[in-house]
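Undergrad: To start, I am sharing the structure in question, which I have written as structure tokens.
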Amino acid sequence: MIVVQEAFGVNEHIEDVCQRIADAGWLAVAPHLFHRTGDPAFGYDTDFTVIGEHMGALHVAGISADIAVARQFLVDAGVEPSAIGIVGFCMGGTIAFATACTDDVAAAVTFYGGGVAKGGRFGYASAIDMAPSLEAPWLGLYGDLDTGIPVDDVEALRVAVSLVDVPTEIVRYADAGHGFNCDRRTSYHAGSATDAWARMLAWFDQYLD
């Protein structure tokens, strides 16, 4: 499993995600996407102007290269390509969706990835515009209280991915906001997080060999 970080880097939360995925029986690897700008890991009280410097340095070509290295790491470890999935959180959710449209993964899951209706993030088109290129089964998990991802955008994405000839599903959580899966954030919502985590594992169990 390729695990793609939030805007806060490969911090303790992402390390914990990898450990939980490993505990469920998968080999997990989290590429450090900020390695070109010092590889920082941030706490959730960090000023976003600091984080923005590192996010602003990311671009499609570099991200794709890092995802490819992570994928090769899994292949070299003996994992069959048909058993490699990707999951991303926040900005990583955007990257997971884009990867499922452009690169070779067998299944993908997005937790509250932005850029649904408006492109430009890291040079990607919007998720709605990328949807026709979706090549892998994809599950999207979103909170209705997420002020950065309007419900109308999520529903428009649901329509867009429904037209693609691969399995897709979108699940909305009425009581959840952005970052609801992270128990280190004030937006953590235990019930939604528990359900979404179970759905993620079930998705990969179903679509990865």
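Undergrad: Within the chain, which whole H helices from DSSP have a Cα span along their axis of at least 15 Å and a mean Kyte-Doolittle hydropathy of 0.0 or more, if any?
TA: Details: long enough: 12-23 (16 Å, -0.64); 60-76 (24 Å, 1.13); 91-102 (17 Å, 1.18); 151-162 (16 Å, 0.70); 190-207 (26 Å, -0.14).
Counting only whole DSSP H runs, the qualifying helices are 60-76, 91-102, 151-162.
Undergrad: Counting pairs of alpha carbon atoms under 8 Å apart in space and at least six apart in sequence, what relative contact order in percent does segment 67-110 give?
TA: 37 percent
Undergrad: Got the relative contact order for segment 2-207 handy, in percent, Cα pairs under 8 Å and 6 or more residues apart? Walk me through the intermediate numbers first.
TA: Details: 379 pairs, mean separation 33.3, N = 206.
Averaging sequence separation for qualifying contacts and normalising by length gives 16 percent for segment 2-207.
Undergrad: Right, something else. Based on the alpha carbon coordinates of segment 1-93, what radius of gyration and maximum Cα-Cα distance (Dmax) apply, in Å?
TA: In order Rg, Dmax, the Cα atoms of segment 1-93 give 13.3, 41 Å.
Undergrad: Considering all alpha-carbon pairs of segment 138-193, what whole percent are spaced by more than 15 angstrom?
TA: The share of Cα pairs beyond 15 Å in segment 138-193 comes to 47 percent.
Undergrad: Ok, one more. At q = 0.10, 0.19 Å⁻¹, what is the log10 ratio I(q)/I(0) for the chain, with the Debye formula run over Cα points and no solvent?
TA: Here log10 of I(q) over I(0) equals -0.37, -1.57.
Undergrad: I would also like to ask the following. So if I take the centroid of the Cα atoms in segment 143-167 and the same for segment 37-96, what is the distance between those two points in Å?
TA: Spelled out, the Cα-based centre of one part sits 22 Å from the other.
Undergrad: A further question follows. Given an 8 Å cut-off on Cα distances and at least 6 residues of separation, report the relative contact order of segment 11-76 as a percent.
TA: 34 percent
Undergrad: Ratio of Rg to Rh for segment 63-118, alpha carbon only, Kirkwood? Intermediate results must be reported in sequence, preceding the final value.
TA: Values: Rg = 11.4 Å, Rh = 11.4 Å.
Expressed as Rg/Rh, it is 1.00.
Undergrad: Testing the spin-label approximation: label points 7 Å from Cα along Cα→Cβ at D183 and D104. State their distance in nm.
TA: Here the answer is 3.7 nm between the modelled labels.
Undergrad: If I model a spin label at D209 and A68 as a point 7 Å from the Cα along the Cα→Cβ vector, what separation in nanometres do I get?
TA: 2.3 nm
Undergrad: Related question: For segment 90-138, go through all pairs of different Cα atoms, get the mean of 1/r, take its inverse, and jot down that Kirkwood value in Å.
TA: Taking the inverse mean of 1/r over all distinct Cα pairs, segment 90-138 comes out at 10.3 Å.
Undergrad: Then there's this: Starting from the 7 Å offset along Cα-to-Cβ, what nm value, one decimal, do you get for the label separation of E53 and E15?
TA: 2.3 nm
Read-outs throughout are calculated quantities, based only on the coordinates presented, and are distinct from any laboratory measurement. Everything numeric in this text was worked out from a predicted model, so none of it was measured. Positions of Cβ are backbone-derived with ideal geometry, glycine not excepted, and every protein chain shown enters the neighbour counts.
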